[in-house]
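Below you'll find the structure, written out as structure tokens, and then a few comments.
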Amino acid sequence: MSLMNNDAVTVQPKLQLITLDVNGEQYDVVTEPRRTLVDVLRHELRLTGTHVGCEHGICGACTVLVDDAPVRACLMFAAQAEGARIRTVESLGSGSGGELSDLQRAFSEHHALQCGFCTPGFLMLAEGFLTERPEATKEEIREVVAANLCRCTGYQTIVEAIDGCATARRRARAQTCSQTCAQTRAQTCAQPCDSKEH
């Protein structure tokens, strides 16, 4: 007679409720503590623009922004992102109208994508970098994009696209600043005053 119990033991995974702020919307998610952010984004929230590549943090296909900083979503537990602002590639376009962001347009205009698998990761890496360093040089951009892998484009067109977008953003910012300064001077000087300074 055997004293061992041969019945299968079923272990229920431990679940937890987390709230994630993704692309400006709040999501309550019941998940296992060990689930990565990329898995929760793709499988629970159905935001499939964030791709899964190497699952070791090397390729960058899963790059998202967490509090405006690029993060490898395959290396972060979803629970670690609770309380942070998460942005995925879906946040870049206008959504309902299908209009591309300036960065997405730059990628298209400079032919900075071919198969497209790595593109979401590059877009989010670039968006985070340009937010932090709007005056980035082409050399700085080249150094940053080396953090992600692309097997199709050879990187040059990606660098050109990011630099083109950065240049256009700087130009737009300078134009806005000069218009604002001109309006401020006009409003100040439109008031009758005795000052000889202007």
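The values are calculated or read from the model by the stated rules, or taken from the named source; none is laboratory data. As the structure is a prediction and not an experimental result, all values here were calculated from the model. Cβ atoms come from the backbone with ideal geometry, glycine included; neighbour counts cover every protein chain shown. The area values use the complete protein model at the heavy-atom level, side chains included, leaving out ligands, DNA and RNA. Shrake-Rupley method; radii C 1.70, N 1.55, O 1.52, S 1.80 Å.
Below are the figures for this structure:
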quantity	calculated
Calculated FRET efficiency for the pair ARG85/ALA168, C-beta based, R₀ 30 Å, to 0.05	0.75
Estimated inter-spin distance, THR176 and THR19, nm [label 7 Å along Cα→Cβ]	3.0 nm
Charge dipole (debye, nearest 20) of region 39-162; +1 at Cβ of Lys and Arg, -1 at Cβ of Asp and Glu	300 debye
DSSP-defined beta bridges in region 2-109 - what % are antiparallel, rounded to 5	90 percent
Rounded percent of accessible protein surface that carbon and sulfur make up, region 1-108, 1.4 Å probe	50 percent
Sites GLU55 and TYR27, calculated FRET efficiency, Cβ-Cβ separation with R0 22 Å, nearest 0.05	0.45
Simple spin-label estimate for GLN12 and ASP67 in nanometres, 7 Å along Cα-Cβ	3.5 nm
Probe 1.4 Å, accessible area per residue of region 101-161, Å²	50 Å²
